[in-house]
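Structure first, then comments.
The values are calculated or read from the model by the stated rules, or taken from the named source; none is laboratory data. Predicted, not measured: the structure shown is a model, and the values here were computed from it. Glycine also receives a Cβ, built like all others from the backbone with ideal geometry; neighbour counts cover every protein chain displayed. Protein only, heavy atoms only, side chains kept; ligands, DNA and RNA dropped before computing areas. Shrake-Rupley method; radii C 1.70, N 1.55, O 1.52, S 1.80 Å.
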Amino acid sequence: MAVLAQPCDVLVIGGGNAGLCAAIAACRAGARVLVLESATKDFRGGNSRHTRDIRYLHKTATNYVTGPYREEEFWNDLMQVTGSETDERLARLTIQASEDLADWTAANGVRWQQPLRGTLHLARSNLFMLGGGKAMMNAYYETALRLGVQVAYESEVCKLSLPAGEFVSASVQTRDGPAEVKAKAVVVAAGGFEANIPWLKEYWGEAAENFIVRGTKHNQGRMLQELLEYGAKPVGDPRGCHAVALDARAPKFDGGIVTRLDSVPFGIVVNKELKRFYDEGEDFWPKRYAIWGGLIARQPEQIAYSIVDGKALPHFMPSVFPPIQASSVPELAVTLGLDPAGLEAAVQKFNAAVRPGTFDPTNLDTCRTQGLEPPKSHWARPIDTPPYYGYPLRPGITFTYLGVTVNEQARVVMSDHRPATNIFAAGEVMAGNILRRGYLAGFGLTIGSVFGRIAGREAARRARA
Ligand SMILES: Cc1cc2nc3c(=O)[nH]c(=O)nc-3n(C[C@H](O)[C@H](O)[C@H](O)COP(=O)(O)OP(=O)(O)OC[C@H]3O[C@@H](n4cnc5c(N)ncnc54)[C@H](O)[C@@H]3O)c2cc1C
């Protein structure tokens with residue numbers, strides 16, 4: 001592990017989007033940078049390699065976005081999904097500093113694709129990476145290595161030495177055995193604890209056993225735990241997370257984007273007891289999909305079923321696993337392992353409550369129910385057109401919101417409110433400063449990119465001091 005023996009100014013722990021943004025920024029600011037990454041080279045890039053798009057502030061349409069997305073709209077969208085629970089200074093900073101992301105990312109090798117049409121509703125506000133998150137991460141690694149950043153794969157940081165709240169060194173488990181790495185400053189960008197089922201069970205109980213982890217198995221939260229044990233000030237609800245309705249047939253880890261199901265707004269969702277439990281048409285899917293994992297996690301046995309009919313199928317992204325199909329609702333119930341009479345009754349009750357309206361998947365339309373609890377506010381149409389389709393759904397956890405408090409310089413703030421001198425955090429590990437509940441599609445990368453760059457610059461400045 002020759003690379004670990006070289007002197008370094010800034011140590012970056014975690015090689016996802018936030019870590020690479022930090023490494024590139026620190027290196028450009030003149031620091032010698034080492035990135036330590038748990039995964040093998042083939043699996044580098046953490047959850048970031050599963051991403052597709054990033055939300056950013058822009059005042060005009062470009063080749064890659066269809067119109068402007070200004071600060072107040074961005075802010076209002078964030079307030080709506082978070083119920084205004086955020087650190088306003090840091091949230092505004094994130095929004096404002098996202099304005100140059102298109103240029104910065106492109107200057108560091110990322111390529112964008114033309115706006116997408118279809119059901120995503122993101123073509124105006126979000127940039128889509130050509131080749132997805134994997135291509136983005138490959139571009140960042142290439143740039144970082146070209147600039148002289150050192151990267152050590154299969155190097156899991158197990159402990160931090162932080163006497164008196166100052167970073168001194170990190171204990172690393174490498175392929176060749178344990179090692180100790182010293183640096184003048186550290187950027188912790190090691191994700192959340194979403195892949196750590198025993199830790200999730202502390203807050204979710206046995207239900208967490210039925211969670212499917214959409215991303216990397218390496219985000220075990222070890223660095224988050226270390227920082228909290230050393231007295232970093234926690235932020236965010238420990239139960240808070242981004243979790244979606246996932247196809248129950250998905251693999252336990254790393255299934256990525258394709259196992260997410262977007263059928264929910266176009267039909268009904270029932271639990272094992274054949275009860276609906278939330279408004280499937282509350283808002284556009286990008287503003288609501290991230291709460292559905294949590295909703296399913298609260299249902300018996302953490303399973304639910306999305307039921308749609310033939311006319312709904314063209315309106316959502318095709319699923320990677322084919323839907324379960326039947327020519328009648330009772331037959332569909334049998335194939336899904338549900339009570340046929342119960343599902344038929346649930347569908348009939350819903351159909352009877354649907355009021356006439358004009359169906360429009362591109363708008364918050366006038367198709368809604370009346371007298372039904374919970375209501376369906378938009379896109380409510382009778383489920384009456386065979387064939388009928390069903391998907392079993394599980395909570396698919398994307399990332400957790402419990403994190404460490406940071407200030408505007410991405411410095412970790414300790415429980416006595418003192419900012420640490422040389423410990424910085426970026427990405428999921430501090431996203432809870434801004435996201436305590438709800439989510440805006442593409443905002444995880446925004447937070448990581450903005451705070452990664454700040455952390456890298458500030459860590460380099462500290463290393464030079
Ligand atoms: C399927 C999926 C799709 C998503 N799509 C989008 C999207 O389109 N847009 C969007 O904005 N967000 C999306 N997200 C969320 C997004 O991935 C995260 O918000 C963002 O990538 C987090 O970046 P990060 O750098 O903090 O974490 P990560 O990218 O997960 O990187 C953390 C890295 O730290 C490493 N690590 C962990 N512990 C240690 C340790 N102890 N020592 C060394 N290394 C360690 C991990 O191996 C990992 O590589 C998606 C997430 C998933 C799972």
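Details
- FRET efficiency for the pair Glu408 and Lys272, taken as 1/(1 + (r/R0)^6) with r the Cβ-Cβ distance and R0 = 56 Å, rounds to 0.75.
- Against the criterion of solvent-accessible heavy-atom surface with a 1.4 angstrom probe, Tyr278, Tyr439, Tyr153, Tyr230 sort, most first, into Tyr230, Tyr278, Tyr153, Tyr439.
- Prolate/oblate/rounded call for segment 258-379, Cα gyration tensor, a/c under 1.5 rounded: rounded
- Here the label points at Asn363 and Asp176, each 7 Å from Cα along the C-beta direction, are separated by 6.5 nm in the simple model.
- Shape summary of the chain, radius of gyration then Dmax from alpha carbon positions: 22.8, 72 Å.
- Between 0 and 90°, nearest 10: helix 132-147 axis offset from the chain longest Cα axis: 10
- Shape category assigned to segment 108-238 from the gyration tensor of Cα positions, a/c cut at 1.5: oblate
- Accessible area per residue was computed with a 1.4 Å probe on protein heavy atoms; Arg260 scores about 30 Å².
- Compared with the alpha-carbon gap, the fully stretched path from Met79 to Gln370 is longer by 102.0 nm at 0.36 nm per residue.
- Of the accessible area of the chain, computed with a 1.4 Å probe over protein heavy atoms only, carbon and sulfur atoms account for 51 percent.
- The Kirkwood radius of segment 165-212, taken over pairs of alpha-carbon atoms, gives through the Stokes-Einstein law at 37 °C and 0.692 mPa s a diffusion coefficient of 240 µm² s⁻¹.
- Where Cα atoms sit under 23 Å apart: lysine pairs in segment 33-191 separated by 8 or more or lying on different chains: 5
- Reported to the nearest whole Å, the Cα centre-to-centre distance from segment 3-58 to segment 221-247 is 20.
- Relative contact order, percent, segment 354-404 [alpha-carbon distance under 8 Å, six or more residues apart]: 25
- Alpha-carbon centroids, segment 70-139 and segment 261-319: separation in whole Å: 25
- Separation in nanometres of the label points that stand 7 Å from Cα toward Cβ, at Glu72 and Leu145: 4.8
- Averaged over its residues, the chain has an accessible area of 38 Å² per residue, based on protein heavy atoms and a 1.4 Å probe.
- Computed Kirkwood radius, in angstrom, where 1/r is averaged over Cα pairs of segment 370-448: 16.5
- Derived scalar couplings between HN and Hα for segment 331-342 equal 5, 4, 4, 4, 5, 7, x, 10, 6, x, 5, x Hz in order, rounded to whole Hz, by the Karplus curve 6.51 cos²θ - 1.76 cosθ + 1.60 (θ = phi - 60°), x for Gly and Pro.
- Using a Förster distance of 41 Å, the FRET efficiency for Glu344-Glu206 (Cβ separation, nearest 0.05): 0.85
- Helix-only [θ]222 nm of the chain, DSSP H runs n ≥ 4, -39500 (n - 2.57) each, per residue, nearest 500: -8500 deg cm²/dmol
- Shape call, segment 1-69: gyration tensor on alpha carbons, a/c limit 1.5: oblate
- Cα Rg over Rh - segment 165-312, Kirkwood: 1.07
- Over segment 267-306, the Kirkwood radius and the radius of gyration, each from Cα atoms, give a ratio Rg/Rh of 0.94.
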